[in-house]
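To keep things clear, I will list the structure first and then write my remarks on it.
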Amino acid sequence: MDDRIQREITINAPLDRVWELVTEPGWWVPSDVPQPADRHPGAVTMRKSEKYGAYPVEVVDITPQAYAAFRWASLFPGDDLRDGRTTLVEFHVQPLDSAVRVTVVESGFATLDAPEQARQEGLTGNTGGWEEELASLRTRSESPGQA
């Protein structure tokens, strides 16, 4: 099975604005409860939604205004972040002349401790999910009044 998703989007907004949003741990996970954003490697933020459940998101690495990596257990709501339960979500941020390119790569589906059908469904669902979440990132970045 495929092990990774890669999508990119160009956003017409200042780098600082895009970076602030991209480095909020778990910004792509709907949450009913706002959480303070701890962007230090090793920090874990719990994203909670009545509809989707609870998802811990760990900051793996941050390279200012260029790269941010997180781990989360998208197939295992409420589960701990441990080997065999998480995928790696990486954001590559590249300034352009008057815009910013954001590339997301989510990998690790093939090594999840789940039946192959569940892993494939997770990969398929997250592939569509990234299209939606990147579009939302563009809207939030290009509309300064948006949170």
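The values are calculated or read from the model by the stated rules, or taken from the named source; none is laboratory data. Note that the structure is predicted; figures quoted are calculated from it, not measured. Cβ atoms come from the backbone with ideal geometry, glycine included; neighbour counts cover every protein chain shown. What goes into the accessible areas is simple: the full protein's heavy atoms, side chains included, and nothing from ligands, DNA or RNA. Shrake-Rupley method; radii C 1.70, N 1.55, O 1.52, S 1.80 Å.
Within segment 90-125, being out of contact with any helix residue (DSSP H, G or I) (no Cβ under 8 Å at 6 or more places or on another chain) and either of a type in the set (Phe, Trp, Tyr) or within 30 Å of PRO14 (Cβ to Cβ) (or both) holds for GLU90, HIS92, GLN94, LEU96, ASP97, SER98, ALA99, ARG101, THR103, VAL105, SER107. All of (1) within 22 Å of GLY128 (Cβ to Cβ); (2) surrounded by 14 or more Cβ atoms within 10 Å (Cβ to Cβ) hold for ASP2 with one exception: (2). In segment 109-125 there is at least one residue matching the filter, namely being on the phi < 0 side of the Ramachandran plot, in contact with a Gly (Cβ under 9 Å, 6 or more places away or on another chain) and either among the polar types (S, T, N, Q) or open to solvent by 50 Å² or more (accessible area, probe 1.4 Å) (or both).
A Cβ distance below 6 Å, combined with a sequence gap of six or more or placement on separate chains, defines the contacts here; from segment 32-43, residues that are at pLDDT 95 or above reach residues that are β-branched (Val, Ile, Thr) and assigned to a loop (DSSP other than H, G, I, E, B) in the pairs ARG39/THR23. The condition of being touching a residue at least 12 places away in the same chain (Cβ under 8 Å), basic (Lys, Arg) and outside any helix (DSSP H, G or I) holds for only one of ARG82, ARG101, ARG140, ARG119, that being ARG101. Against the definition (open to solvent by less than 70 Å² (accessible area, probe 1.4 Å) and in a strand (DSSP E or B)), how does PHE76 come out, yes or no? For PHE76, the condition - open to solvent by less than 70 Å² (accessible area, probe 1.4 Å) and in a strand (DSSP E or B) - is not met.
Residues that are open to solvent by less than 40 Å² (accessible area, probe 1.4 Å), of a type in the set (A, V, I, L, M) and over 27 Å from ARG119 (Cβ atoms) within segment 16-42 comprise VAL18, LEU21, listed in sequence order.
Scanning segment 97-108 for residues that are more than 25 Å from GLY125 (Cβ to Cβ) and either open to solvent by 60 Å² or more (accessible area, probe 1.4 Å) or among the β-branched types (Val, Ile, Thr) (or both) turns up ASP97, SER98, VAL100.
The lone criterion from (1) modelled with pLDDT under 95; (2) touching a strand residue (DSSP E or B) at 6+ places or on another chain (Cβ under 6 Å); (3) of a type in the set (D, E, K, R) left unmet by ASP97 is number (2).
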